[in-house]
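Have a look at the structure below before the remarks.
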Amino acid sequence: MMKKEYQDDIEKKINALKKKRQAVILAHNYQLPEVQDVADYRGDSLELSRIASKTDAEVIVFCGVHFMAETAAILSPEKLVVMPDVNSGCPMANMMTAKDLRKLKKEHPDAVSIGYVNTSAEVKAELDVCCTSTNAIAVVNAFKDRKEVIFIPDKYLADYVSKQTGRKLISWNGFCPTHIKILPEDIKREKEFHPKAKVMVHPECLPSVVAMADAVLSTSKMAQYAKESPDREFIIGTEVGLIYRLKSDNPQKEFYPATERAVCPNMKRTNQEKILWALEGLKDVVQVPESIRVAAKKAIDKMLEII
Ligand code: 13P
Ligand code: SF4
């Protein structure tokens, strides 16, 4: 079978099985093009959480990394959440354990604890409230009455939010190994090549990179900015997978990755074959023990209430 025919065949099978299982396919903006192409919804962490909490599908096939599928399982316990590749983890989420957070909270007993969704369910269960890169500033601003604020695990997101809110944050030594590959010299070089281009970067980037950006945004907010902006050229400081979404949404505009090195290997583990196998076998189910789920859900619900 030719490659195109093979792909069409898999896509047909995925679509038929999706109907039979009453499944919905959610894909993060960093997923491979072939995954984005069969997804019902593409989005950032916040959008995918909201969709997972509202869908009436029976099965959620989550194409992303583990904490994202876990968030869907926390919000929709009555649904079957399956991952096409359950070994897709987020190294940043693994940089802080629940024990680490409990210790930090003990050292700062009066602090409100705010955590990025890029954390395990056990860590979320210890938090007062979650945030994503879309709403981190609004979440911190919602606690103006609190003297101390714990903000974990990403030290670079904490730095950005601290500068934007003027609040001193108690942070953790976590970071994204993919985003720190984007260097100030990459932005400088791309700006020399494309002097008219606007620079958009993710707040997980190094502060020296964030300082060079025209806009600091979550992945879906970058998609929105690109659509609404009168500009025609953009330098993109985030994981390279977003470029496919940006180009497909705006075929008349140009998008240049700040560096091709910014690849999240875990986001690339999912492909169409694995989606088909997941729909066939419904094997790699993501589940969270009930006591942890209920506590973690409180922190996510609190975030969804704020914004
Ligand atoms: P977004 O919520 O902006 O999509 O970010 C998720 C993530 O893991 C970024 O590395
Ligand atoms: Fe985690 Fe970074 Fe990959 Fe996002 S890009 S999933 S933060 S490792």
* Highest first, please rank the peptides 27-35, 67-75, 259-267, 296-304 by the mean number of other Cβ atoms sitting within 10 Å of their residues. => 67-75, 27-35, 296-304, 259-267
* Structure fact -> Carbon/sulfur accessible area of the chain, % of total, 1.4 Å probe, equals 51
* Asked: In square angstrom, what is the accessible area per residue of segment 95-224 with a 1.4 angstrom probe?
  -> 43
* To do: Give me the aspartates and glutamates in straight-line cross-link reach of Lys247: C-alpha distance below 15 Å, same-chain residues under 8 apart excluded.
  => Glu34, Asp37, Glu228, Asp231, Glu233, Glu239
* Have a look at Ala72, Val86, Cys131 and report the one farthest towards the positive end of the charge dipole of the chain, computed about the Cα centre with Cβ charges (Lys/Arg +1, Asp/Glu -1). => Cys131
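Using the Cβ atoms and a cut-off under 12 Å, what net charge is assigned to the surroundings of Asn29, where Lys and Arg are +1 and Asp and Glu are -1? The partial results should precede the final answer.
Values: positive: Arg42, Lys221, Arg245; negative: Asp44, Glu47, Glu239, Asp249.
Result for the local shell: -1.
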* Structure fact -> Here segment 171-183 yields Karplus 3J(HN,Hα) values (6.51, -1.76, 1.60; θ = phi - 60°; whole Hz; Gly and Pro given as x) of 10, 10, 8, x, 6, 9, x, 7, 5, 6, 6, 7, 10
* Asked: Ranked from highest to lowest mean number of other Cβ atoms within 10 Å per residue, what is the order of the peptides 269-282, 182-195?
  -> 269-282, 182-195
* Under 5 Å between amide H atoms, partner at least 5 residues away or on a different chain: which partners does Val81 have, H built in plane at 1.01 Å? -> Ile60, Val286
* Taking a temperature of 20 °C and a viscosity of 1.002 mPa s, what whole-number D in µm²/s does Stokes-Einstein yield for segment 1-90 with Rh from Kirkwood over alpha carbon pairs? -> 161
* Show me 46-55, 149-158 ranked by packing, highest mean number of other Cβ atoms within 10 Å first. => 149-158, 46-55
* To do: Using a/c under 1.5 as the rounded threshold, could you call the chain rounded, prolate or oblate? The axes a ≥ b ≥ c are square roots of the C-alpha gyration tensor eigenvalues, and prolate needs a/b larger than b/c, oblate otherwise.
  => oblate
* Asked: In segment 3-71, with Lys and Arg counted as +1 and Asp and Glu as -1 at Cβ, which of these residues, Leu26, Ile14, Tyr41, has the Cα nearest the positive end of the dipole, that is, farthest along it?
  -> Ile14
* Long pairs among Lys12/Lys54; Lys147/Lys298; Lys105/Lys168; Lys18/Lys283, criterion Cα-Cα beyond 18 Å -> Lys12/Lys54; Lys147/Lys298
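The values are calculated or read from the model by the stated rules, or taken from the named source; none is laboratory data. Because the structure is predicted, anything quoted here is derived from the model rather than measured. Here the Cβ is made from the backbone with ideal geometry for all residues, glycine too, and neighbour counts use every protein chain on show. All accessible areas refer to the heavy atoms of the entire protein, side chains included, with ligands and DNA or RNA removed. Shrake-Rupley method; radii C 1.70, N 1.55, O 1.52, S 1.80 Å.
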